[in-house]
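Notes to accompany the following structure.
The values are calculated or read from the model by the stated rules, or taken from the named source; none is laboratory data. Worth saying up front: this structure is predicted, and the values here are computed from it rather than measured. Here the Cβ is made from the backbone with ideal geometry for all residues, glycine too, and neighbour counts use every protein chain on show. The area values use the complete protein model at the heavy-atom level, side chains included, leaving out ligands, DNA and RNA. Shrake-Rupley method; radii C 1.70, N 1.55, O 1.52, S 1.80 Å.
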Amino acid sequence: MKKRVTGLVLTAAMGVSMLSGTTVFGADNELEFYHGYYHEESEWPAAKVMRDIYDEFAKAHADGPVKFKPIAVENRDEIVSAQVAGGSFPDLVDCGTAVPQAAISQGLVYDLKPYIDENNLQDAVGLNYTQNDVDGHIYSVHDQMESRGIWYNADVFEKAGIKIEDLKDWDAFGEAMEKVRGLDDGTYGYAAGQGSGFIVNAILASSEEGRAMIEAPLTEEAVNSEVFAEAFKTAATLDQANGSEHTTEDVGNLMDDFNKNGTAAVLFNGVWNASGIDAGLAEAIQPSLFPGNIAISSAGAGLTVANGMSEEKTELALEFIKYMTSEEVQAKIFTGVQANPCNTKVDLNKLAEESGDAITMKLAEACSMVNDAEIVVKDMNYSWGADVKSAIINALMECAVSGTDIDARFEQLQKELIALIA
């Protein structure tokens, strides 16, 4: 495994540099790259795939004037926050959360857009080009998309007399879940709670006003809008009918009900769910989109370069971004990491067919559906922040309890959100 550094030691060291007023960069002949793929291969095989990709780049540039040094850490975002607080930024980091506004306002991060434009990398970076555009600047590029839709159990649907094409809107979805509960055989509709946040997200995406809300920071006007009220209350009503026992703040807690036990009819999860499906359910579990031909796909945060480094170090950092978004590396990310690549030129179906692997074929199908959806929006978490999304999910979880007054709980949520964004 690549060198793994504890955040405590790193943060302490950076604190000394900050107090002394020294800008924190790696050595002039070394480009330090912090990433979050620290997991053992047995724990998460995809982490080893990503480390191997990084190592290949390091070996290819081993004889250059600047050495590429990947560093696996568990707290990359805390490291970024600590450095930004001291007026600096890591050489290169794969950010797990949005680039801090303070880093942008202080000019600590490099604008990648000119490099992308000059090298015609628009297709290579895909959604990053639009979703990560900040007033005409691009400060981060994520090499894989966080793409979500619906996974459903076709056997359960058939048993309940449901056709996936009938789920044209959320009313139809609610009726379908009622049919599932009517089976009275222990099967339930879906894993609510965290998953229900995506219901709100998808409902907002169904209207022009709602899509505009998702794309921008949350405002008091949006919180008090009819569009937001309808999205929340629709999700809350579905959740209450679904039952509080099927609600969790972490969808992973109920994932086995869908992927392994077949006791849940629907799962709101990313395309990567393909790799978690039990072999016995491989034929039954199928991907689809949210009602209304809607997908949630986010570039999110990603590879971010420090501003003000030497020309040689900056050149290597930009070359790394070009490498990570290349078709060759993107193919490895698709087949090895089981993720939706950012590069729009990668032929996912061809790669899946060449692999001969049933899971990869299902992954390709899910990715293609998301990429070709009529409406594609980002996860509201990236515009509104984790605190806002957590407040919405907590309110939905409370509404799932039978007898909860949804209107009253929504009014309480409005006050909570207004306080959060104030």
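Structure above, values below:
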| item | result |
| --- | --- |
| Top-ranked residue of the stretch 372-389 - restricted to ones that are in contact with a Leu (Cβ under 8 Å, 6 or more places away or on another chain) and assigned to a helix (DSSP H, G or I), ranked as surrounded by the fewest Cβ atoms within 10 Å (Cβ to Cβ) | ASP387 |
| Test: residue in the stretch 234-249 that is at pLDDT below 95 and open to solvent by 40 Å² or more (accessible area, probe 1.4 Å) | yes |
| Test: LEU417 is open to solvent by less than 30 Å² (accessible area, probe 1.4 Å), assigned to a helix (DSSP H, G or I), touching a residue at least 60 places away in the same chain (Cβ under 8 Å) and within 23 Å of GLU249 (Cβ to Cβ) | yes |
| Residue among ILE392, ILE359 that is at pLDDT 95 or above and either part of a helix (DSSP H, G or I) or of a type outside the set (S, T, N, Q) (or both) | ILE392 |
| Residues that are open to solvent by 10 Å² or more (accessible area, probe 1.4 Å) and under 22 Å from the mean Cα position of the chain (by Cα), drawn from the stretch 70-90 | GLU74, ASN75, ARG76, ASP77, GLU78, SER81 |
| Test: residue in the stretch 123-141 that is in contact with a Gly (Cβ under 6 Å, 6 or more places away or on another chain) and either open to solvent by less than 50 Å² (accessible area, probe 1.4 Å) or modelled with pLDDT of 95 or more (or both) | yes |
| Every residue from the stretch 97-112 that is within 20 Å of the chain's Cα centre (by Cα) and either surrounded by 15 or more Cβ atoms within 10 Å (Cβ to Cβ) or of a type in the set (Lys, Arg) (or both) | THR97, ALA98, VAL99, PRO100 |
| Which numbered condition ASP166 fails, given (1) modelled with pLDDT of 95 or more; (2) within 16 Å of GLN286 (Cα to Cα) | (1) |
| ILE333 being in contact with a strand residue (DSSP E or B) (Cβ under 8 Å, 6 or more places away or on another chain), part of a helix (DSSP H, G or I), hydrophobic (A, V, I, L, M, F, W, C) and open to solvent by less than 50 Å² (accessible area, probe 1.4 Å) | yes |
| Failed condition for ALA222, given (1) closer than 21 Å to GLN414 by Cβ; (2) of a type outside the set (Asp, Glu); (3) without any contact (Cβ under 8 Å) to a residue 24 or more places away in the chain; (4) in a loop (DSSP other than H, G, I, E, B) | (4) |
